[in-house]
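Participant: Sharing a structure below in structure tokens format, with a few things to ask.
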Amino acid sequence: MSLRARLFAFWMRKRPKALSATKIIALTFAAIILLGACLLSLPAASRSGISCGFRPALFTATSATCVTGLVLYDTWSQWSGFGQIVIISLIQIGGLGFMSAATLFVFFLRKRIGLKQRLVMAQALSLNEIDGVVRLQQTVLVGSFSIEAVGAMILTVRFWPEYGFWKALRWGVFHSISAFCNAGFDIFGSITPGASLLEFQSDPVVLLTLGALVVVGGLGFLVWEEVASRRSFRKFSVYTRLVLVTTLALLVLGWVLVCVLEWNNPGTLGNMSTGEKLLNGLFQSITLRTAGFAAIDQALLTEGGKALSVVLMLIGGSSGSTAGGLKTVTFIVLVLFIATRARGRSSVCVFKRTIPQEQVLDAMTIAFIMVFLAVLGGIFISATSPIGFTDALYEAVSALATVGLTAGATGSLSIPAQILIILYMYFGRVGVLTISLGFLTGDRVEERFRYAQTNLLIG
């Protein structure tokens, strides 16, 4: 064999293997976060003209890219106009997915989208096939920008008379994108730093507009496409019907329970009129679905209110959306499985269809991982920071489910706890996605042998 042939054979054995689509997604998100952190650490990004340092910049960039909303500093008070542009750009890219942003440029340049790009697009949208993925991606881009534009116009018109056109426009665009992407970042700090939406808790236009954007963004891109094309509940797929029914049920149930638990609490709903209580109870139920805007002080919630918030945050929005959490269908599959087993049956059925046993096990696996990490994070935060376990658990779940709400603990986090929150935000946005995609696209390991069965005492 010639030297050239040997070198070629050596290269073929040792060459870098092609990255899978899930690895591309994970690494690209990490690269975007690092780029955002570098930009935010520049002096020009801070309102004071002094760099905030890399760690706070990394925390903020991770929170923005992973559309979480947890912050160490008030966004308006800390970041200059340049810094706010960086943050909202990270939110838009992180919310729609980097492949949506990349595809936008491809559409503009009129380039052909190859097979590998289609595969990555499909996985970024939580699809298990590439048929029609380009058309769906176009729907995602057009629909997202259209919805954000409508939201921005409504908010701009609302703020214009009181704050002037340019500030109203800036607020309208920023908060429309932040709400649709379920990010929870706000720049209302010029009114009251760190107060989020507390200044607008009696404003139905602001709360209902932002709430509608949050719900639509959290439904999922595949659900939009089906609703727009089929326009009939009977014609929707089982998945879309489950998403719509579960989302509505969780919003209504959350609304009722928030009002019941907080109705007489003077720190939250207690001092409001009946109409304001109902409005803020509804918005609290919506924002807990990974949005991160706070119209009532989360630190003053009752213990029951915080417990409810943790559960709703952990459930989150729907797959293939801008929201995080376990996802609505994962949750309802677990509920159906428990109900099925309680009746002594083995097959999980819904809408006259049977859910494969493998998918039930996948849902249980994801749920166990999320709950385990949430409890472990709560213990770690309370052990390393001057924070009680309830508030520490609230913080951990908020990061892991990419919600962004806080019971006032973020500013008190120790450096190790801040690093944990950064990792949780990244895992909540990217890790759960890649695990889920692995379930959808990975090959099941063939078991070549089995051990003899044994019976255990369960329960």
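Participant: Would you calculate the separation in nanometres between label points at Thr354 and Ala228, each defined as 7 Å from the Cα along the Cα-to-beta-carbon direction?
Facilitator: 3.6
Participant: Under a Cβ-only charge scheme (Lys and Arg +1, Asp and Glu -1), can you give me the dipole magnitude of region 298-415 about the Cα centre, in debye to the nearest 20?
Facilitator: About 600 debye.
Participant: Calculated FRET efficiency, Met364 and Leu35, Cβ-Cβ r, R0 41 Å, to nearest 0.05?
Facilitator: For R0 = 41 Å, the calculated efficiency reads 0.65.
Participant: Right, another one. Take the alpha carbon gyration tensor of region 268-368, find the square roots of its eigenvalues, order them as a ≥ b ≥ c, and report rounded if a/c is under 1.5; if not, report prolate when a/b exceeds b/c, else oblate.
Facilitator: In terms of gyration-tensor shape, prolate.
Participant: Counting only heavy atoms of protein chains, what accessible area per residue, in Å², does region 27-98 have with a probe of 1.4 Å?
Facilitator: Per-residue accessible area for region 27-98 comes out at 34 Å².
Participant: Which stretch or stretches of region 333-362 have amide N atoms under 14 Å from the point lying 7 Å from Arg450's Cα along the Cα→Cβ direction?
Facilitator: Once the point is set 7 Å along Cα→Cβ of Arg450, nothing inside region 333-362 turns out to lie under 14 Å by backbone N.
Participant: On a full-extension model of 0.36 nm per residue, what is the gain between Val260 and Phe145, subtracting their alpha-carbon distance, rounded to one decimal in nm?
Facilitator: Gain on stretching Val260 to Phe145: 37.7 nm.
Participant: Residue by residue through region 294-310, what is 3J(HN,Hα) from phi via Karplus (6.51 cos²θ - 1.76 cosθ + 1.60, θ = phi - 60°)? Round to whole Hz and write x for glycine and proline.
Facilitator: 10, 9, 10, 6, 5, 5, 9, 4, 5, 4, x, x, 5, 4, 4, 4, 4
Participant: Something else now. With an 8 Å Cα cut-off and a minimum separation of 6 or more residues, compute the relative contact order for region 218-320 in percent.
Facilitator: This gives 32 percent for region 218-320.
Participant: Let me ask something additional. Heavy atoms only, probe 1.4 Å: what % of the accessible area of region 186-325 goes to carbon and sulfur, would you let me know?
Facilitator: Ligands and nucleic acids excluded, carbon and sulfur reach 65 percent.
Participant: Then there is this: So what is the accessible area of region 171-275 per residue, in Å², with the probe set to 1.4 Å?
Facilitator: That works out to 40 Å² per residue.
Participant: Follow-up. Which order, highest average first, do 383-389, 47-53, 416-422 follow once you tally other Cβ atoms within 10 Å for each residue and take the mean per peptide?
Facilitator: Final packing ranking: 416-422, 383-389, 47-53.
Participant: If R₀ is 30 angstrom, what is the calculated FRET efficiency for the pair Trp166 and Ser412, using the beta carbon separation as r and rounding to 0.05?
Facilitator: 0.25
Participant: Give me a comma-separated list of calculated 3J(HN,Hα) values for region 361-378, in order, Karplus coefficients 6.51, -1.76, 1.60 applied at θ = phi - 60°, integers in Hz, x for any Gly or Pro.
Facilitator: Per-residue couplings from phi come out as 5, 4, 4, 5, 5, 4, 4, 5, 4, 5, 5, 4, 5, 4, 5, 4, x, x Hz.
Participant: What residues qualify as long-range amide H neighbours of Ile355, i.e. H under 5 Å apart, gap of 5 or more or another chain, H built at 1.01 Å from N?
Facilitator: Val348, Cys349, Val350
Participant: Tell me, what HN-Hα J-couplings in whole Hz come from the Karplus equation 6.51 cos²θ - 1.76 cosθ + 1.60 at θ = phi - 60° for each residue of region 63-79, using x for Gly and Pro?
Facilitator: Per-residue couplings from phi come out as 4, 6, 5, 8, 6, 9, x, 6, 9, 7, 10, 4, 4, 6, 5, 8, 9 Hz.
Participant: Could you pull out every residue, at least 5 positions away or on a different chain, whose amide H is within less than 5 Å of the one on Ser46? Hs are placed 1.01 Å off N in the peptide plane, and Pro or chain starts have none.
Facilitator: Ser80
Participant: Sequence-distant or interchain residues sharing an amide H contact under 5 Å with Ser319, placed H: which?
Facilitator: Thr328, Val329
The values are calculated or read from the model by the stated rules, or taken from the named source; none is laboratory data. Remember, predicted model here, so these are calculated numbers, not experimental data. For neighbour counting, all protein chains shown are included, and Cβ atoms are generated from backbone atoms with ideal geometry for every residue, glycine included. In case anyone asks, the SASA skips ligands and DNA or RNA and just uses the protein heavy atoms, side chains included. Shrake-Rupley method; radii C 1.70, N 1.55, O 1.52, S 1.80 Å.
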